[in-house]
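What follows is one structure encoded as structure tokens, with my remarks underneath.
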Amino acid sequence: MEAFLLSTAVIFIAELGDKSQLMAMTFAARYKARDVLIGITVATAIVHLASVGIGYFIGDAFANYRHWIAVAAGVAFLGFALWTLRGDELTDEEADKARHATGAAILAVGTAFFLAELGDKTMLATITLATREGWLGTWIGSTLGMVAADALAIVVGAVLGRKLPEKVITYGAAALFALFGLVLIAEGAGLF
């Protein structure tokens, strides 16, 4: 349960202000919200299953070095904080693909999200979490966190348009990543 709750919160925060949210808003302008959410959910479940598999095997292979894994995970989260501050924008080409996608909505959304998430910070955060937490809880929680954040983007985007307080979201998400990172480093150093 701890892995589920932690990964849900971390990935939800990681997804705030991410290009995936912009893609979700763009697809929602073209397709039914239900189809967009199904496509996002399927793509996210597949990417995050691979992520937790990678993280689980890294954590298992280095089980005797848990404190070093905690420190490395903490440093990774500090990196995610900086990445969040740097920003993540949808390119004109990605926005154009989302607007002009052809074929079944679920397939178009799912494929676009699958490709966009490969190597993204949410995938890397899921790998990092899975090195220390249970794989099943991390997988379900990370998938739920991402889908919830993207669903929020669809709803908020529909209600408020593009007038989201991006600076507040960006700084808040970066601060939470930094906090998680510092806690993990302190834990790895034996302070907790």
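The values are calculated or read from the model by the stated rules, or taken from the named source; none is laboratory data. From a predicted model like this one, the values you see are computed outputs, not experimental measurements. Here Cβ is always computed from backbone atoms with ideal geometry, including for glycine, and neighbour counts include all displayed protein chains. Surface areas here come from the heavy atoms of the whole protein model, side chains and all, with no ligands, DNA or RNA. Shrake-Rupley method; radii C 1.70, N 1.55, O 1.52, S 1.80 Å.
Within the range 27-42, can you find the residues that are open to solvent by 40 Å² or more (accessible area, probe 1.4 Å) and within 13 Å of the chain's Cα centre (by Cα)? Write out each step before concluding.
First, pick out the residues of the range 27-42 that are open to solvent by 40 Å² or more (accessible area, probe 1.4 Å): 29-30, 32-34, 37-38, 41-42.
If the condition is that a residue be open to solvent by 40 Å² or more (accessible area, probe 1.4 Å) and within 13 Å of the chain's Cα centre (by Cα), then 41 is the only one that fits.
Run down 24, 45 and say which single residue is within 23 Å of residue 133 (Cβ to Cβ), open to solvent by less than 50 Å² (accessible area, probe 1.4 Å) and hydrophobic (A, V, I, L, M, F, W, C).
On the way: 24 fails: within 23 Å of residue 133 (Cβ to Cβ).
Of the residues listed, the single one that is within 23 Å of residue 133 (Cβ to Cβ), open to solvent by less than 50 Å² (accessible area, probe 1.4 Å) and hydrophobic (A, V, I, L, M, F, W, C) is 45.
Considering only the range 107-121, how many residues are assigned to a helix (DSSP H, G or I), more than 25 Å from residue 65 (Cβ to Cβ) and in contact with a Ser or Thr (Cβ under 8 Å, 6 or more places away or on another chain)?
Kept after step one, since they are assigned to a helix (DSSP H, G or I), are these residues of the range 107-121: 107-117, 121.
Next, only the ones that are more than 25 Å from residue 65 (Cβ to Cβ) stay: 107-117.
Next, only the ones that are in contact with a Ser or Thr (Cβ under 8 Å, 6 or more places away or on another chain) stay: 108, 113, 116-117.
Qualifying residue count for the region: 4.
Out of 191, 144, 136, report the one residue that is out of contact with any Ser or Thr (no Cβ under 6 Å at 6 or more places or on another chain), at pLDDT 75 or above, part of a helix (DSSP H, G or I) and open to solvent by 20 Å² or more (accessible area, probe 1.4 Å).
Values: 191 fails: part of a helix (DSSP H, G or I); 144 fails: out of contact with any Ser or Thr (no Cβ under 6 Å at 6 or more places or on another chain).
Within the list 191, 144, 136, the selection yields 136.
Using the structure shown, decide if residue 56 is assigned to a helix (DSSP H, G or I), in contact with a helix residue (DSSP H, G or I) (Cβ under 6 Å, 6 or more places away or on another chain) and open to solvent by 80 Å² or more (accessible area, probe 1.4 Å). Reasoning before the result, please.
Values: assigned to a helix (DSSP H, G or I): yes; in contact with a helix residue (DSSP H, G or I) (Cβ under 6 Å, 6 or more places away or on another chain): yes; open to solvent by 80 Å² or more (accessible area, probe 1.4 Å): yes.
So residue 56 passes the test.
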